[in-house]
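Data block below; observations after.
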Amino acid sequence: MSTTTAGGTTTGLVPGVQIPLIGLGTWPLMGEDASAAVSQAIGSGYRHIDTAENYGNEEAVGEGIRRSGIDRSQLFLTTKFNTRWHSRTGVREAFAEATRRLGTDYLDLFLVHWPNPAQGRFVEACEGLQQLMDDGCIRAWGVSNFKPAHLQRVQAAGLRVPLNQVQVDPEHGQPAQLGWHAGHRILTAAYSPLGRNGSFLSHHAISGPARELGKTPAQIVLRWHVQHGRIAIPKSAHLERQRENLDVFNFALTPPQLAAIDALETGAPPRLDSDTYFH
């Protein structure tokens, strides 16, 4: 069930934990650029910030949070760890390092960034995450870039995956992947939700509703994501675009408009294949 808060609309992640449907992506922002973007976004109303060990900006993101003056309890903070930590004890070390860099004593959401199936230890990583959650170190855990075959292996170990962060945009809709999520009660978080080159933003299925509703094409696409129940993580350091990206909860797309955007799906796979790519 969705809930409206000061930071936008949220949805239930695990019992007692709500996740905002729009988050601030921080890759590839670094250093002062990242700190300034995070502080500015929080001042504009963002309450969900997404980073990762491999982005190399956790320290800068933490500085942006401190600079914003927001109470930590009002913020939803997500980060991800690399495959070097794929073991039960390794995940605990990854948590200690991530919280040190971010300057916090807990995480709202901690994700396995890539499964690296050739290494064969991502199930152990998920077990370690569940233990961290049981111990109260993190509020929730999840995965990123996991295909259904990877998710099945985690489920076979008796774990329920609450969330999978994957590449989704109108041309990379991944209907089979997202259908699998829906069938197994896994929330989808979309990274690169506006695509990487923005070419589809000029398509009539998006530009038409934008003109009719007085919104930007990017707002139409983000609204498409949230009406489908997805969390969207757009990246922007630009003040006006940050504000526009968060301002998608005061209008709705019609079923035909949603279907027209759905139809932009090309069948193209994600940019990176998680059976072979990892860090």
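Just so it is clear, none of the values below were taken in a lab; they were calculated from the coordinates. Only a predicted model underlies this, so the values are computations on that prediction, with no experimental measurement involved. Ideal geometry is used to build each Cβ from the backbone, glycine not excepted, and the neighbour counts take in all protein chains shown.
How far apart, in nanometres, would the label points at His184 and Leu213 be if each is projected 7 angstrom from Cα along the Cα-to-Cβ direction? If labels sit at His184 and Leu213, their model points lie 3.1 nm apart. In the chain, helices alone account for a calculated mean residue ellipticity at 222 nm of -11500 deg cm²/dmol, with every DSSP H run of four or more residues adding -39,500 (n - 2.57).
Place the peptides 75-86, 267-278 in order of packing, highest mean first, counting for every residue the other Cβ atoms within 10 Å and averaging per peptide. Can you show the working numbers first?
Numbers: 75-86: 22.0, 267-278: 13.3.
Result, highest mean first: 75-86, 267-278.
When a/c is below 1.5 the answer is rounded, else prolate if a/b is larger than b/c, else oblate, so apply that to the stretch 1-122 with a ≥ b ≥ c taken from the square roots of the Cα gyration tensor eigenvalues. It is oblate, given that a/c is not under 1.5 and a/b is not larger than b/c.
Here the 3J(HN,Hα) profile of the stretch 40-47, calculated from phi with Karplus coefficients 6.51, -1.76 and 1.60 at θ = phi - 60°, is 5, 5, 4, x, 8, x, 5, 10 Hz, Gly and Pro shown as x. Taking the Kirkwood radius as Rh and the Cα radius of gyration as Rg, the stretch 118-191 has a ratio of Rg/Rh equal to 0.98.
Taking the DSSP beta bridges with both ends in the chain, the antiparallel portion is around 25 percent. State, as an integer percentage, the relative contact order of the stretch 17-164 based on alpha-carbon contacts under 8 Å between residues 6 or more apart. Reported as a whole number, the value is 19 percent.
What fraction of the DSSP beta bridges in the stretch 102-260 is antiparallel, stated in percent and rounded to the nearest 5? Write down the numbers at each step before the final one.
Numbers: 1 of 15 bridges.
If we restrict to bridges inside the stretch 102-260, about 5 percent are antiparallel.
Temperature 10 °C, viscosity 1.306 mPa s: under these conditions the Stokes-Einstein estimate for the chain, based on its Kirkwood radius over C-alpha pairs, is 84 µm² per second. In percent, rounded to a whole number, the relative contact order of the chain is 19, using alpha-carbon pairs under 8 Å and six or more apart.
A 22 angstrom limit on the alpha carbon distance is what I want to check against. Which of Lys80/Lys215; Lys80/Lys147; Lys80/Lys235 exceed it? List each step's numbers first, then the result.
Values: Lys80/Lys215 32 Å; Lys80/Lys147 17 Å; Lys80/Lys235 16 Å.
Beyond 22 Å: Lys80/Lys215.
When only Cα pairs below 8 angstrom with a gap of at least 6 residues are kept, the stretch 49-124 shows a relative contact order of 38 percent.
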